[in-house]
Every structure is written in C-alpha cells, then in structure tokens.
Amino acid sequence: MNPTELKVTVKERFAKVALSPDQQKKFPVGPASAKKLGYDPKEIDALPTSVTESFRGVGNPLGLGQLRAGQTVFELGSGPGMDSLLAARRVG
C-alpha cells in the first residue's frame, strides 16, 4: 500500500468509528494484526509480549520509509510504544 492509499484507508476507518460508535467495531489487536499490516514478523516476535499483545493499529508507519543507523526518530504515538521500540532498534 502506498502512502496515499494508507492515508485514505486510515481516514476511512476512523470516520466509520466516529460516525458509528455504537457499532463496537474494534481496531486490529495483537501481534498477528501487526504482521498483517506489514510489520516484519521477526521484529514483532523479538519484542516483549507485553508490547505486542497491546498493539492496536490501522497502519504501519515504519513501512513508509527506510530508517538508518544514527537517525533521530520523533514518534507521537499513543499506544504501547511498539513503533518507538522498533525504530530505536533500527537506528541504534
């Protein structure tokens, strides 16, 4: 999925939840969901279970570009910190 498609998908998903809160629709949860969103299975399996079991996401921001050693990453997430941990491992 390219960045434009991802943006559209995320906006549509959040709009559905906002417009129909009584539907009890849930976001993908857990390590299997992260893997379906394109996270590297080896990286996910190497994280603590307490992080991956708390994963709730609709996209994979780390799939939008390549992180390189020494880069600085600023992550404004509100979840269990999975993206921050993965980014930290990639940049050192």
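Brief remarks follow.
- For the Cα trace of the stretch 44-92, dividing Rg by the Kirkwood Rh returns an Rg/Rh value of 0.94.
- Listed by chain and number, the aspartates and glutamates whose alpha-carbon sits under 19 Å from that of residue 35, ignoring those within fewer than 8 places in the same chain, are 5, 43, 45, 53, 83.
- Heavy-atom surface of the chain, accessible at 1.4 Å and reported per residue (Å²): 72 Å²
- Counting only Cβ charges, +1 for Lys and Arg and -1 for Asp and Glu, the dipole size of the chain around its Cα centre is about 140 debye.
- Net length gained if the chain between residue 14 and residue 29 were fully extended (0.36 nm per residue, minus Cα distance): 3.9 nm
- Label assignment, Kirkwood radius over Cα pairs in Å derived from the structure, set (1) 14.2; (2) 13.8; (3) 13.3: (1)
- Residues considered: 76, 62, 37. Largest GNM mean-square fluctuation over the chain, using C-alpha springs under 10 Å, is found at 76.
- Taking the charge dipole of the chain about its Cα centre, with +1 at Lys and Arg Cβ atoms and -1 at Asp and Glu Cβ atoms, the residue from 34, 15, 87 reaching farthest to the positive side is 15.
The values are calculated or read from the model by the stated rules, or taken from the named source; none is laboratory data. Computed from a prediction, not measured in an experiment: that's the story for all the values here. In this analysis, Cβ positions are derived from the backbone assuming ideal geometry, glycine residues included, and neighbour counts consider all displayed protein chains. Side chains included, ligands, DNA and RNA excluded: accessible areas come from the protein's heavy atoms. Shrake-Rupley method; radii C 1.70, N 1.55, O 1.52, S 1.80 Å.
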